[in-house]
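Each remark here refers to the structure printed beneath this line.
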Amino acid sequence: PGRPSRTEFVVRGTRRLVVYETADQDRTTAACMLDGEEPFGSVTWPAAFAAATALVRIAKARGSLRGLTILELGAGTGLVSLVAHAWGAKAVATDNAEVSLRVLRASRAELSDAKRFVVCALDFSKEADVAAAVRRLGPFDVVVAAATLYVPGLARATARAVVASRATARLVVDPTPVGRAAFIEELRADAEFQEAMVESSAVRVAGRDESYSCPCVSPRG
């Protein structure tokens, strides 16, 4: 797919972040299709902006995210994990696609404190693999999934992985309605969930003014 390109993001209240994305999306998509991989994690989607903004709000309420360990499922370019890291958390960015792992490692190399940013290959649809990751890298305080509900099967896998993470807090953000019902149905045995809208105002690409609004699914109470 070629070398990843460097993009700067501005996060309100913190320094600028460097996030790597694929330089040529069409070429990356073609290469991933040939390799049987999903290409979608090689760019930063609106749901990631919204999830990152939600973490910024939590960080401001607490003063920081220091002392917390954040697990991101299907991290893609890792914007959410990088924001968590910038606010002092230990971030564990996981993905199953090699193209995503490549850009995550490139972003990690830019960090001055890379020990708090862990890149891990994980297929979260495999419950045994999630359990192994929890044993090896947990416990987790927050589990985050952004833009992983675009098909019902993956939405159900997200729900199972969220539960299996054993995280104290759960944040799932996705603008597509296709998988949200399947996600919530899968979770009903574990907890009551509610939907709310999350704005992406705290995180943007440097030099741009776009903002997004995405549904967030979170536990009641």
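Would you mind telling me the share, in percent, of accessible area of the stretch 43-195 contributed by carbon and sulfur at probe 1.4 angstrom? Write out the running numbers ahead of the final one.
Numbers: 3150 of 6200 Å².
Roughly 51 percent of what the probe reaches on the stretch 43-195 is carbon or sulfur.
Pop a pseudo-label 7 angstrom from the Cα along the beta-carbon direction at both Arg66 and Ala132 and give the gap in nm to one decimal.
Going from the Arg66 label point to the Ala132 one covers 3.6 nm.
Heavy-atom accessible area per residue, the stretch 79-142, 1.4 Å probe: how many Å²?
Heavy-atom accessible area per residue stands at 42 Å².
Highest first, please rank the peptides 128-134, 82-88 by the mean number of other Cβ atoms sitting within 10 Å of their residues. Show your work: numbers first, answer last.
Numbers: 128-134: 16.7, 82-88: 25.9.
Final packing ranking: 82-88, 128-134.
The values are calculated or read from the model by the stated rules, or taken from the named source; none is laboratory data. Nothing here was measured: the structure is a model prediction, and the numbers come from that model. Using ideal geometry, Cβ is built from the backbone for each residue, glycine included, and neighbour counts are taken over all protein chains shown. Areas reflect the complete protein model, heavy atoms only, side chains present, ligands, DNA and RNA absent. Shrake-Rupley method; radii C 1.70, N 1.55, O 1.52, S 1.80 Å.
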